[in-house]
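A.B. asks: Attaching a single structure in structure tokens format; questions to follow.
The values are calculated or read from the model by the stated rules, or taken from the named source; none is laboratory data. This is a predicted model, so every value here is computed, not measured. Here the Cβ positions follow ideal geometry from the backbone for every residue, glycine too, while neighbour counts run over all protein chains shown.
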Amino acid sequence: MTSTDSIPGAKTGGGRVGDSPLRPDGTLKVTGQFAYSSDLWHEDMCWGVTLRSPHPHARILGIDTTEALATPGVYAVLTADDVPGENAVGLEHLDTPALARDIVRYEGEPVALVAADHPETARRAAKKIVVTYEELPALTDPRRALDPDAPQVHEQGNLVREVTIRRGDASPTAPVVVSLEFEVGMQDQAFLGPESGLAVPAEDGGVDLYVATQWLHVDQAQVCRVLGLPPEKVRLTLAGVGGAFGGREDLSMHVHACLLALRTGKPVKMCYSREESFYGHVHRHPAWLRYEFGAQPDGRLVYGKADILFDGGAYASSTGAVVGNGGTLGLGPYDFPSVHVTARGVYTNNPPCGAMRGFGCVQAAFAHEALMDELAEAVGLDEVEIRALNGMREGDRNITGQLIDSAAPVAELIRTVRDLPLPPERTSTDLRELPGGVSNTTHGEGVVRGIGYAVTYKNVGFSEGFDDYSTARVRLEMSGGEPVVTVHTAAAEVGQGLITVEQQIARTELGVERVVVHPKDTTVGSGGSTSASRQTYVTGGAVKAACEAVRTTVLARAGQRCGQTGLRLDGDKIVATSGEVVATLAEVLGDDAVEETVEWRHRPTQPIDPETGQGDAHVQYAFSAHRAVVDVDVELGLVKVVALDTAQDVGKAINPDAVVGQIQGGSAQGMGLALMEEIVVTDGHVRNPSFTDYLIPTILDMPPMQIEVLEYADPHAPYGVRGVGEPPTISSGPAVAAAVRAATGKALRRVPIRPEHITGT
């Protein structure tokens with residue numbers, strides 16, 4: 001176990017696995033010198049703008065671009081009729097038009113494009129495009145989506161996916177039964193860098209796209225489809241990314257910029273405003289959940305039932321995977337002899353929803369953790385011991401029947417956070433320490449303290465038989481008299497510190513201090529998506545394997561040269577088993593380079609049984625627990641989070657400082673969903689597309705955090721690593737909600753918890 005107090009001691013070391021070297025982009029970011037995608041520039045470039053639908057559901061009767069085309073400075077105006085290839089994109093289903101042709105299915109759907117010599121010129125021209133709409137009935141309540149008389153968003157019906165999990169007794173009973181209904185609002189990823197990129201037409205008739213994204217190769221495949229071009233003519237390079245959290249898995253301006261660049265013959269830059277960003281990317285699925293747990297009088301679980309409904313919005317995006325996670329992980333990290341779970345995702349005319357940190361599990365955790373608190377009260381156990389009693393252990397099987405074949409320290413995690421020192425009782429009336437802060441809303445009257453707990457788990461990597469892999473190319477050569485390693489992957493660095501991890505692995509495996517990470521692009525094989533907490537595991541595994549292949553080749557060459565076996569690489573020296581230096585790298589390599597490319601896969605997963613939901617659906621599980629302490633002004637409904645402490649099993653901390661940063665960031669997003677973050681959608685219209693009205697936690701909202709990091713290595717993973725970034729997002733929110741319930745005595749079955757929920761006004 002490692003605490004945050006001991007982590008700074010590992011500051012730099014040699015920058016190998018287990019050290020915490022400084023990030024190469026860190027100084028540039030904090031000084032404002034880092035080049036994000038919005039900073040891209042090209043000589044003679046023009047600007048692209050997207051015209052979007054004002055209606056949640058409407059038929060397009062006609063589009064008149066005459067006046068827009070006549071605007072001075074305008075180079076091109078494009079509609080769906082100008083799409084040269086297939087007008088369809090999508091992550092799991094090709095159900096999303098690049099530009100709407102006949103129907104718009106949500107407010108903000110792209111309808112037309114403009115390229116002009118200045119962004120304001122492009123925006124003025126876009127306003128001159130006349131689109132004639134016939135409004136259609138809009139389906140905006142997902143709970144009606146499967147009714148026989150509900151409007152059909154797509155011809156195939158409104159159901160995206162349904163997952164059923166059945167295990168144990170088909171009709172279980174128990175002496176103690178608790179049940180509840182829960183609702184979770186729509187959350188935005190709220191990354192600080194809005195969507196942007198630059199498309200540059202090439203002499204070969206193709207295009208080079210520089211873009212902030214999470215998955216270069218899937219983006220490339222979708223752009224190729226729309227442009228009608230082969231992959232060799234559509235080249236993507238990762239531009240500077242200002243956060244992602246799932247919101248950049250789907251396309252935004254990628255295709256639009258490329259279409260305009262190929263039409264105009266000029267480089268085209270597109271950069272969304274914050275308001276457009278709210279319309280231009282997917283969000284976290286809102287959810288409606290009905291849960292029932294049965295238990296023995298001593299608190300031991302007998303059965304769990306859940307009915308989960310996700311609003312997928314107008315297009316599928318990753319709704320299928322969200323439903324899969326919500327179903328297979330929806331009862332939390334507990335041992336249930338009998339299970340009856342149904343999870344559905346549906347189409348509506350609300351904004352499209354897709355991936356966001358912890359997807360599928362975040363929504364379910366609010367429900368199953370609230371129910372565990374209900375059960376604790378019903379049987380007379382405290383909130384920690386009810387979880388410790390029922391928590392998974394290594395060797396258990398989860399609700400899909402999958403064996404938990406590595407550490408599952410649920411009891412240890414929840415007891416660890418319980419035993420951390422509590423913050424001192426409030427003794428001063430310093431406004432900065434009170435709900436409402438310096439707004440001077442209270443001086444302590446009406447303020448009540450509450451404590452809440454939560455423990456959760458999350459799958460790592462893609463699931464249900466998906467062929468998840470990453471490619472790494474590693475090159476070792478002499479440069480300037482010293483060995484240099486170049487690492488090339490297409491795995492997106494989105495701010496999580498992957499570049500540093502790649503360097504650390506290369507230094508560890510090859511013993512070479514000078515490691516260069518090649519820019520991320522599509523000239524190397526796919527690195528997979530920077531999502532599902534998978535990159536350190538999968539791309540780290542690929543880099544490790546490629547380094548091992550390079551080392552094997554170098555040692556084979558050295559063995560041939562000196563006639564020995566059993567050699568090892570130690571920095572720039574080749575060392576025999578006796579400890580004798582038999583050669584240097586310079587002597588073995590000469591002017592040659594050793595380069596190896598490896599495509600690396602984790603152990604396979606399986607599709608779940610369509611009737612029972614049984615199967616080995618996931619690669620790995622990561623566990624976390626939180627304890628939240630809150631002060632609540634019960635008269636005004638204001639909440640201050642006083643402390644948010646956590647314990648998490650990370651398997652092996654490749655970079656301890658980065659691990660702590662991931663836990664802090666994930667915890668902030670979970671807390672945000674519990675108390676303040678929600679995209680308010682009324683009749684299909686977004687009411688708060690700005691950071692003025694969409695509230696996100698700031699540094700003033702974040703409490704002190706005690707973080708305990710457990711390292712129980714996963715024997716199936718490189719270095720024993722586990723995914724880190726998502727679990728804290730899942731367990732932090734339910735802990736905060738539980739603390740508010742403890743302070744107020746109110747049920748509070750909807751998040752985010754608003755002041756009026758607390759006050760009853």
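A.B. asks: Surrounded by 20 or more Cβ atoms within 10 Å (Cβ to Cβ), in the same structural domain as I730 (by TED's automatic domain parsing) and touching a Pro at 6+ places or on another chain (Cβ under 7 Å) - does that describe any residue in the range 600-619?
C.D. replies: No, every residue in the range 600-619 fails to be surrounded by 20 or more Cβ atoms within 10 Å (Cβ to Cβ), in the same structural domain as I730 (by TED's automatic domain parsing) and touching a Pro at 6+ places or on another chain (Cβ under 7 Å).
A.B. asks: Let me ask something additional. Answer yes if at least one residue in the range 437-451 is within 30 Å of G332 (Cβ to Cβ) and touching a Gly at 6+ places or on another chain (Cβ under 8 Å), and no otherwise.
C.D. replies: Within the range 437-451 (the criterion being within 30 Å of G332 (Cβ to Cβ) and touching a Gly at 6+ places or on another chain (Cβ under 8 Å)), the answer is no, since none of the residues qualifies.
A.B. asks: What about A586, is it touching a residue at least 12 places away in the same chain (Cβ under 8 Å), hydrophobic (A, V, I, L, M, F, W, C) and not in a loop (DSSP other than H, G, I, E, B)?
C.D. replies: yes
A.B. asks: Among the residues of the range 592-609, which ones are assigned to a loop (DSSP other than H, G, I, E, B) and touching a residue at least 24 places away in the same chain (Cβ under 8 Å)?
C.D. replies: D592, A593, H602, R603, P604, T605, Q606, P607, I608
A.B. asks: Taking the options Y712, Y694, name whichever one is under 21 Å from I505 (Cα atoms) and either at pLDDT below 95 or assigned to a loop (DSSP other than H, G, I, E, B) (or both).
C.D. replies: Exactly one of Y712, Y694 is under 21 Å from I505 (Cα atoms) and either at pLDDT below 95 or assigned to a loop (DSSP other than H, G, I, E, B) (or both), namely Y712.
A.B. asks: Restricting to the range 434-491, name every residue that is of a type in the set (S, T, N, Q) and either under 26 Å from V538 (Cα atoms) or buried (at least 20 other Cβ atoms within 10 Å of the Cβ) (or both).
C.D. replies: Listed by number, the residues that qualify are T456, N459, S463, S470, T471, T486, T489.
A.B. asks: Now a separate question. For E513, state whether it is touching a residue at least 24 places away in the same chain (Cβ under 8 Å) and over 24 Å from P728 (Cα atoms).
C.D. replies: It is true that E513 is touching a residue at least 24 places away in the same chain (Cβ under 8 Å) and over 24 Å from P728 (Cα atoms).
A.B. asks: Checking the conditions here, which among Q214, Q222 is touching a residue at least 60 places away in the same chain (Cβ under 8 Å), closer than 19 Å to P97 by Cβ and among the polar types (S, T, N, Q)?
C.D. replies: It is Q222.
A.B. asks: I would also like to ask the following. From the list G745, G723, G733, G684, which one is farther than 25 Å from A647 by Cβ and either buried (at least 16 other Cβ atoms within 10 Å of the Cβ) or at pLDDT below 95 (or both)?
C.D. replies: Of the residues listed, the single one that is farther than 25 Å from A647 by Cβ and either buried (at least 16 other Cβ atoms within 10 Å of the Cβ) or at pLDDT below 95 (or both) is G684.
A.B. asks: Could I ask something else about it? Between a first residue in the range 146-161 that is touching a residue at least 40 places away in the same chain (Cβ under 8 Å) and a second residue that is among the acidic types (D, E) and surrounded by 12 or more Cβ atoms within 10 Å (Cβ to Cβ), which pairs have beta carbons less than 8 Å apart while being 6 or more apart in sequence or on different chains?
C.D. replies: Here the result reads H154/D95, each pair linking the range 146-161 to a residue that is among the acidic types (D, E) and surrounded by 12 or more Cβ atoms within 10 Å (Cβ to Cβ).
Okay, residues lined up against (1) hydrophobic (A, V, I, L, M, F, W, C); (2) out of contact with any strand residue (DSSP E or B) (no Cβ under 6 Å at 6 or more places or on another chain); (3) surrounded by 18 or more Cβ atoms within 10 Å (Cβ to Cβ); (4) not assigned by TED's automatic domain parsing to the domain that holds V448:
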{"position": "A622", "(1), (2), (3), (4)": "yes, no, yes, no"}
{"position": "A668", "(1), (2), (3), (4)": "yes, yes, yes, no"}
{"position": "E677", "(1), (2), (3), (4)": "no, yes, yes, no"}
{"position": "Q706", "(1), (2), (3), (4)": "no, no, yes, no"}
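A.B. asks: Got at least one residue in the range 60-79 being closer than 24 Å to R225 by Cα and without any contact (Cβ under 8 Å) to a residue 40 or more places away in the chain?
C.D. replies: Yes, there is a match, as at least one residue in the range 60-79 is closer than 24 Å to R225 by Cα and without any contact (Cβ under 8 Å) to a residue 40 or more places away in the chain.
A.B. asks: Would you confirm, using the coordinates I've provided, whether V362 is crowded, with 24+ Cβ neighbours inside 10 Å, assigned by TED's automatic domain parsing to the domain that holds G684, of a type outside the set (D, E) and not in a helix (DSSP H, G or I)?
C.D. replies: no
A.B. asks: Identify the single condition in (1) more than 30 Å from the chain's Cα centre (by Cα); (2) part of a strand (DSSP E or B); (3) not basic (K, R) that D169 does not satisfy, given that it satisfies every other one.
C.D. replies: It fails just one condition, (2).
A.B. asks: Looking at the range 171-196, I want the residues that are surrounded by 15 or more Cβ atoms within 10 Å (Cβ to Cβ) and have a partner that is assigned to a strand (DSSP E or B) and among the polar types (S, T, N, Q) with Cβ atoms under 9 Å, at least 6 apart or on another chain. Which pairs are those?
C.D. replies: Hits for this filter: P172/S338.
A.B. asks: Is it fair to say V131 is assigned to a loop (DSSP other than H, G, I, E, B), at pLDDT 95 or above and under 17 Å from E107 (Cβ atoms)?
C.D. replies: So V131 fails the test.
A.B. asks: Here are some residues: L375, L389, L431, L413. Which one is without any contact (Cβ under 8 Å) to a residue 60 or more places away in the chain and hydrophobic (A, V, I, L, M, F, W, C)?
C.D. replies: Exactly one residue qualifies, and that residue is L431.
A.B. asks: So, one more: Can you give me the number of residues within the range 395-439 that are among the basic types (K, R) and assigned to a helix (DSSP H, G or I)?
C.D. replies: Looking only at that region, the number is 3.
A.B. asks: Another question about this same structure. Checking the conditions here, which among G32, G90, G108 is at positive phi and free of Cβ contacts under 8 Å to residues at least 40 places away in the same chain?
C.D. replies: Only one candidate qualifies: G32.
A.B. asks: Go through the range 506-531 and give me each residue that's within 19 Å of N655 (Cβ to Cβ) and in contact with a strand residue (DSSP E or B) (Cβ under 7 Å, 6 or more places away or on another chain).
C.D. replies: Those that are within 19 Å of N655 (Cβ to Cβ) and in contact with a strand residue (DSSP E or B) (Cβ under 7 Å, 6 or more places away or on another chain): A506, R507, L510, G511, V512, R514, V515, V516, V517, K520, G527.
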